[in-house]
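Quick notes on the structure that follows.
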Amino acid sequence: MGEVSFGLFDWIDERDAASLAELYDTRIELIRAADEAGFVRYQMAEHQSTPLGMAPSPSVFLAAVARETRHIRLGPLVYLLPLYEPLRLAGEIAMLDHLSHGRLDLGVGRGVSPYELGYRGVDHNGTKAVFGEVLDTLVAALTENSLTAGGGLTPRYDNVPVQLHPLQQPYPPLWYATTMVDSSAWAGEHGMNLVGLGPATDFRACVQAYRAAEQAAAGRADRLNGHVAQPCVGLQRQVVVADTDAEAYAIAAAGYPRFVDSFSWLWRLHGDGRTAARTDLATNHATGTMLIGSPGTIRDTLNRQIDEAGVNYFALSFAWGNLAPEQSQRSLERFAEQIMPRF
């Protein structure tokens, strides 16, 4: 087994709290604890118009986190590029990289929900081309002193002076999230860090496509993320760690219904039942997409998934649904003390 690293992933989904400010405060407390415990990064999703994402501006939340932490890397997973004006986003990225003293990881994506995009006038079926143009313009804005780009599906820029550049050169490491084999190959072609979902055995095909494309494109001058020597390829998992398997499952079962409600809320609003297959606790536990159990049980599951999928990174969600903040904190502490050192 090669080196494996662990980070945090967060939707900042709605839960029972006295206020939204309390939700933000308790999340930042958890991130500070992860920083002190040695987790390598904190990554947050971007969601719009849904209780699944109560922090719809990743830049704003990450700016707050940057000033409350010292070592942990930070980033969106992902910015929904079809929703952004690229020159403005480039300025936000440069600011965040300096505010965090070079700890920003730059996740980019197209967006999975047609409803979130549709509310903002973006056709989900046409996002591939828009994503590509925004990404090209964004990279140019981060690396050049004068920007001339766009004009097809995005705004046209002609010799626009660029005053801000990231601290990390040429730009922060790029990340991509997908469970599709063809998209994984594209990420591998550009050496992007990759995170996926689903059972480890299913994700193995994505990893194989990624590795093959990565090897074929090695040394190519036009590939993105060429400054990252060893990209992370990993899986996202929800986690509850307790002294016993039974205790952990009871905690997860109590908190999970609220997460399911947030996760599927916007889809159900449109009469779309496609999320139902992904929200059964027993199934997710059995297939390993949720890590629920004692430290020993979770260590064994992680070892098995590393072998099955060929990954070197896990993005772990300790706070979700109606888990109490102290339950999330305790799971994180147990994981850091009793699981991480074994890897």
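Residues that are under 28 Å from W267 (Cβ atoms) and among the hydroxyl-bearing types (S, T, Y): does the stretch 139-152 have at least one? Reasoning before the result, please.
If we filter the stretch 139-152 for residues that are under 28 Å from W267 (Cβ atoms), which is where we start, we get none.
No: zero hits.
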Practice problem: Can you give me the number of residues within the stretch 128-164 that are buried (at least 20 other Cβ atoms within 10 Å of the Cβ) and in a loop (DSSP other than H, G, I, E, B)? | Solution: 1
Exercise. Could you please give the count of residues in the stretch 40-73 that are buried (at least 22 other Cβ atoms within 10 Å of the Cβ), out of contact with any helix residue (DSSP H, G or I) (no Cβ under 7 Å at 6 or more places or on another chain) and farther than 20 Å from E22 by Cα?
Key: 1
Practice problem: Say whether the condition of being closer than 30 Å to Y115 by Cα and at pLDDT below 95 is met by at least one residue in the stretch 200-223. | Solution: no
Quiz item: If A177 satisfies every condition in (1) of a type in the set (A, V, I, L, M); (2) in contact (Cβ under 8 Å) with a residue 12 or more places away in the chain; (3) farther than 30 Å from H270 by Cβ but one, which is the exception?
Solution: (3)
Quiz item: Cβ-Cβ below 8 Å, separation at least six or inter-chain, first residue in the stretch 183-201 and touching a residue at least 12 places away in the same chain (Cβ under 8 Å), second of a type in the set (K, R): which pairs?
Solution: G188/R211; E189/R223; H190/R223; G191/R223; A200/R304
Quiz prompt | Residue list for the stretch 115-127, restricted to those being under 18 Å from E46 (Cα atoms) and not in a loop (DSSP other than H, G, I, E, B) | solution = Y115, E116, L117, G118, H124, T127
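For the stretch 71-113, give me each residue that is of a type in the set (F, W, Y) and touching a residue at least 40 places away in the same chain (Cβ under 8 Å). It would help to see each step written out before you state the result.
Here is the first cut: in the stretch 71-113, the ones of a type in the set (F, W, Y) are 79, 84.
Y84 - this is the single residue of the stretch 71-113 that is of a type in the set (F, W, Y) and touching a residue at least 40 places away in the same chain (Cβ under 8 Å).
The values are calculated or read from the model by the stated rules, or taken from the named source; none is laboratory data. It should be emphasised that the depicted structure is a prediction, and the values quoted were computed from it without experimental measurement. A quick note on method: Cβ atoms are made from the backbone with ideal geometry, for glycine too, and the neighbour counts reach across all protein chains shown.
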